[in-house]
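Read-outs throughout are calculated quantities, based only on the coordinates presented, and are distinct from any laboratory measurement. Since this is a predicted model, take the numbers as computed values, not measurements. Here Cβ is always computed from backbone atoms with ideal geometry, including for glycine, and neighbour counts include all displayed protein chains.
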Amino acid sequence: MRYSPVYDTWTAICEKRAARPKDYEEVPRMAPAASAVHISQPGCPFCEGNEYETPGEVDVLLSSSVSKNTSDSELDRYRKPNSSGWMIRAVPNRFPFLEADPEHTLQHFGPHIAMPNTGKQEVLVEVPFHEKQLAALNGEEFQYLIHFCHRRIRQLQKEKKWRYVQFFKNQGPAAGASLEHLHSQIAALRSIPPSVCTEQTFLTDYAQKNGTCWHCEVLKYELAEKWRLVEETAYFAVFCPFASRFAGEIHIVPKRHVPCFIQSRREELDDLAEVLQSTLRKLEKTLSGCDFNLVLRTSPWTPTVSGMSADENFHWRLEICPRITRQAGFELGTGCFVNPIAPETMAAALFSGKKLA
């Protein structure tokens, strides 16, 4: 059993589980990614030419201005809103689980507590053509996507009413995706999620007792020992965490102590795009066609006199969680995880290009 203090969870690493006999079908998988084919599909609300099928866009990166150095005002000069000619679009989620409710107060029903599910949700349509897998995109398309995500989260932070902004991507049905076309989501929340509060409390206590960041200490250890290291670049370390909750779980962590994603420098974002592309392609080779969740873990914001400030003890990261196994009764009953692929095994396979599944 391995413990993760940032999640306050235990994981049983048990590689023998993979050899169990099975009567039921495995978790469905997509075919391995190939190079993207730039073709739109009739009936897909996210394909170029079908913009009328989504709510009006809140932000866009135009194909005529595909440059990270282009100002926001310049992006709108050559195109009528909600028409073709774009690279990435941000639109309100048509089926949100959060609502723009101005009231955000706790309600008591006897021993029960409730509050409005207040927030804002955006869908980022990552490409104009009908592509299903992120790993199929080229390096330039990854660059545009990372910088666009950074811009959207920065804009939400400027609204000064959200305590936490969650970027996430569900690729494939096993990961919760309902549409094939490449897209991700951003959810802005009025309160800090419980799991983030758990991590925030631990990191604050650790910093007070040890005078350093827990994640920075983990980075030093993983880079030195290399047992779980997948890749190291100028600005990032990629590794399978010691107490991996999911088979094949991968973390991409900035080597510089950066609490909040929007505090990242341009050169770090450029490097992140390259390392994310590289990591996803390695994952495709090792766990061919696996569905996965991509989650940004970043600092919450606290209102101050000068605006919204990040928690300096936090350390942002990207988490890739493949969905090749299902949680069952033990996990639901105990809150523990069972992982049939040891992180050391997974890291070695990713590094060498070995296929595990």
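What the table below lists for this structure:
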| read-out | value |
| --- | --- |
| Amide H contacts under 5 Å for VAL58, placed H, 5+ residues apart | ALA90, VAL91 |
| Förster radius 22 Å - calculated FRET efficiency between ALA224 and MET1 (Cβ-Cβ, nearest 0.05) | 0.35 |
| Global form of region 159-303, assessed from the alpha-carbon gyration tensor, a/c cut-off 1.5 | oblate |
| Sites CYS197 and LEU98, calculated FRET efficiency, Cβ-Cβ separation with R0 22 Å, nearest 0.05 | 0.75 |
| Mean-position separation - Cα centroids, region 164-197 and region 303-357, in angstrom | 14 |
| Residue-averaged 222 nm ellipticity for the chain, from DSSP H runs of 4+ at -39500 (n - 2.57), nearest 500 | -8000 deg cm²/dmol |
| Shape category assigned to the chain from the gyration tensor of Cα positions, a/c cut at 1.5 | rounded |
| Neighbourhood charge, 15 Å Cβ-Cβ cut-off, centred on ARG94 and excluding it, Lys, Arg +1 and Asp, Glu -1 | -3 |
| Extension gain, ARG154 back to VAL295 (0.36 nm per residue minus Cα-Cα distance, nm) | 49.1 nm |
| Those Cys residues of the chain for which no other cysteine Cβ falls under 4.7 Å | CYS14, CYS149, CYS197, CYS240, CYS260, CYS290, CYS321, CYS336 |
| Mean separation of Cα contacts under 8 Å (6+ apart) over length of the chain, as relative contact order % | 22 |
| Projected label distance in nm at LEU332 and VAL58, using a 7 Å step from Cα toward the beta-carbon | 3.4 |
| Estimated inter-spin distance, ASN138 and TRP10, nm [label 7 Å along Cα→Cβ] | 5.1 |
| Rel. contact order, % - alpha carbon contacts under 8 angstrom, at least six apart, region 232-357 | 37 |
| Gyration tensor verdict on region 227-291 (Cα atoms; rounded if a/c is under 1.5, prolate if a/b is larger than b/c, oblate otherwise) | prolate |
| Sites ALA234 and ALA114 - FRET efficiency at Förster radius 51 Å, r taken between beta-carbons, to 0.05 | 0.60 |
| Value of relative contact order over region 112-237, rounded to a whole percent, pairs C-alpha under 8 Å and six or more apart | 28 |
| Once exposed loop GluC sites (Glu not before Pro) are cut out (DSSP; at most 12 other Cβ, 10 Å), longest piece of the chain | 160-357 |
| Zone residues, region 125-156, relative to ASN82, backbone N less than 17 Å from point 7 Å out along Cα-to-Cβ | 125 |
| Built amide H within the under 5 Å cut-off of PHE242, gap 5+ | none |
